[in-house]
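Novice: Quick one: structure below, then a few questions.
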Amino acid sequence: MALPSIADMIRTHEGGLSTGERRVARALLADYPAAGLETVRLLAERAGVSAPTVLRFVGRLGFDNYPGFQRRLLGELGEREQSPLAAYASARDDRRPDADRAGLAASAARTLGGAVRATLESLPAFELDEAVRLMGEPEHRVVSWGGRFSRLLAQYLALHLMQVRGNAVTLPDTPVERADLLAEAGRGDVFVVFDFRRYEAWSLHAAEEVSRREAKVVLLTDRWLSPISAVADVVLPVHVDSVSAYDSLVPAMAVCEALVAGVMDSLGGRAEERMRRFEDASRGFDLL
């Protein structure tokens, strides 16, 4: 498994941070990782604390000094922008003749199973609960969208929510339909956004706009944190360890499954009634 990101470390140590240190953490996560690449003085000004508080925060995360903390962030920045082609070349260069030959299935089970377990065990409970609460209010319209590959997750989540609660859609593909939906965004809407490295500029712009209109934003992202995390109301980071050059979406799929289960539990009998009406309509129109 990869080394934990600074964001992961913040979540791990959050309970032990002082008030001032928590302000540093919030300032860093609001513009991650760029804020941590500034000088101690500038980061302190962002957080409204003293320079010694920033240094204590860095020490609380386990770093001996600020340069060491920044070196870790710079390493993350390189990983954040890594393309599948670069990942493939790196894996090829690192491959050794005596590498583990246990077989593809065993390797996938070890890597993907570990990533799913690490994701679900490290998710902040209050963030997951808040996502379920927002998505579990039937009067809230839920709109999901994703990127090149993660749009499949957005569709998967929306298709389940259509059945258990209704009032759920994916962001349309055509520009006119997309503009129509976003133009009407506002309070009462919950946008569930999937954004993984290499993050998409249009997605950030759309998230910023709906947040400005007082809609809620739930973000599923990787451990390097999409820029959307700065405006999201809920951030659910997942591991993306993979057996190929492409980041795995399997752990994110597991989080989707957990969210659907949580929403069904929160709705109770209303979910069952909605599913019954959904199946009746499907049969009535020969859609099954």
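Taken together, the values in this text are just the output of simple stated rules run on the coordinates, not laboratory data. Being a predicted model, the structure only gives us computed values, none of them experimental. All Cβ positions, glycine included, derive from the backbone under ideal geometry; neighbour counts span all protein chains shown.
Novice: For residue 3, project a label point 7 Å along Cα to C-beta. Then give me every residue of the stretch 21-64 with its amide nitrogen under 18 Å of that point.
Specialist: Only 33-34, 36-38, 58-64 pass the distance filter.
Novice: Along Cα→Cβ, 7 Å out, is where each label goes; now give me the distance between the ones at residue 56 and residue 148 in nm to one decimal.
Specialist: So the label points at residue 56 and residue 148 sit 4.4 nm apart.
Novice: Lys/Arg Cβ at +1, Asp/Glu Cβ at -1, dipole of the stretch 123-284 taken about the Cα centre: which of 179, 269, 194 is farthest positive-ward?
Specialist: The residue sitting farthest along the positive end of the dipole is 179.
Novice: Given 20 °C and 1.002 mPa s, compute D for the stretch 186-246 with the Stokes-Einstein relation, Rh being the Kirkwood radius over Cα pairs; round to the nearest whole µm²/s.
Specialist: 180 µm²/s
Novice: For the stretch 6-80, just the Cα set please: Rg and Dmax, both in angstrom.
Specialist: Cα only, the stretch 6-80: 10.9, 31 Å (Rg, Dmax).
Novice: Could you point to the label whose value was computed as Cα extents along the principal axes in Å for the structure here, given [x] 66, 53, 37; [y] 61, 43, 31; [z] 45, 44, 39?
Specialist: [x]
Novice: What does the extension gain come out to for residue 39 and residue 201, with contour length at 0.36 nm per residue minus their alpha carbon separation?
Specialist: Value of the extension gain: 55.7 nm.
Novice: Place the peptides 190-200, 24-34, 267-277, 204-214 in order of packing, highest mean first, counting for every residue the other Cβ atoms within 10 Å and averaging per peptide. Working shown, then result.
Specialist: Details: 190-200: 22.2, 24-34: 19.3, 267-277: 13.6, 204-214: 15.9.
The densest-packed peptide leads the list: 190-200, 24-34, 204-214, 267-277.
Novice: What does the extension gain come out to for residue 179 and residue 77, with contour length at 0.36 nm per residue minus their alpha carbon separation?
Specialist: Extra length from residue 179 to residue 77 when fully extended: 33.5 nm.
Novice: Could you tell me what fraction of 2.2 N^0.38 Å the Cα radius of gyration of the stretch 130-177 comes to, as a two-decimal ratio? Don't jump to the answer; show the numbers that get you there.
Specialist: Values: Rg = 11.1 Å, N = 48, 2.2 N^0.38 = 9.6 Å.
In units of the globular-protein estimate, the stretch 130-177 measures up at 1.15.
Novice: Counting pairs of alpha carbon atoms under 8 Å apart in space and at least six apart in sequence, what relative contact order in percent does the chain give?
Specialist: Working: 391 pairs, mean separation 58.1, N = 288.
Rounded, it is 20 percent for the chain.
Novice: Ok, one more. Can you give the log10 of the normalised intensity I(q)/I(0) at q = 0.19, 0.20, 0.21, 0.31 Å⁻¹, computed with Debye over equal Cα scatterers of the stretch 159-214?
Specialist: Debye curve over Cα of the stretch 159-214, log10 I(q)/I(0) at q = 0.19, 0.20, 0.21, 0.31 Å⁻¹: -0.78, -0.86, -0.94, -1.32.
Novice: Say the dipole of the stretch 6-80 comes from +1 at the beta carbon of Lys and Arg and -1 at that of Asp and Glu; which of 69, 18, 28 then lies farthest toward its positive end?
Specialist: Looking along the dipole axis, the top candidate is 18.
Novice: From Cα pairs below 8 angstrom and at least 6 apart in sequence, can you work out the relative contact order of the stretch 123-284, rounded to a whole percent?
Specialist: Over the stretch 123-284, the number comes to 25 percent.
Novice: Under a Cβ-only charge scheme (Lys and Arg +1, Asp and Glu -1), can you give me the dipole magnitude of the stretch 6-80 about the Cα centre, in debye to the nearest 20?
Specialist: Rounded to the nearest 20 debye, it is 160 debye.
Novice: Something else: What is the magnitude of the charge dipole of the chain about its Cα centre, with +1 placed on the Cβ of each Lys and Arg, -1 on the Cβ of each Asp and Glu, and no other charges, expressed in debye to the nearest 20? Write out the running numbers ahead of the final one.
Specialist: On the way: 35 positive and 41 negative charges, 108 e Å.
So the magnitude is around 520 debye.
Novice: Then there's this: Any chance you could give the angle, 0 to 90 degrees and rounded to 10, that helix 66-80 forms with the longest Cα principal axis of the chain?
Specialist: With rounding to tens, the tilt is 40 degrees.
Novice: Just name one of 44, 114, 161: the one whose Cα is farthest towards the positive end of the charge dipole of the chain (beta-carbon charges, Lys/Arg +1, Asp/Glu -1).
Specialist: Working it through, the farthest residue towards the positive pole turns out to be 44.
Novice: If you take the beta carbon distance between residue 287 and residue 13 as r and set R0 to 45 Å, what does 1/(1 + (r/R0)^6) give as a FRET efficiency, to the nearest 0.05?
Specialist: 0.35
Novice: What is the calculated FRET efficiency for residue 243 to residue 31, with r their C-beta to C-beta distance and R₀ = 41 Å, to the nearest 0.05?
Specialist: 0.80
Novice: Assign unit charges at the C-beta atoms only (+1 for Lys and Arg, -1 for Asp and Glu), then state the dipole size of the stretch 123-284 relative to its Cα centre in Debye, rounded to the nearest 20.
Specialist: In debye, rounded to 20, the stretch 123-284 gives about 180.
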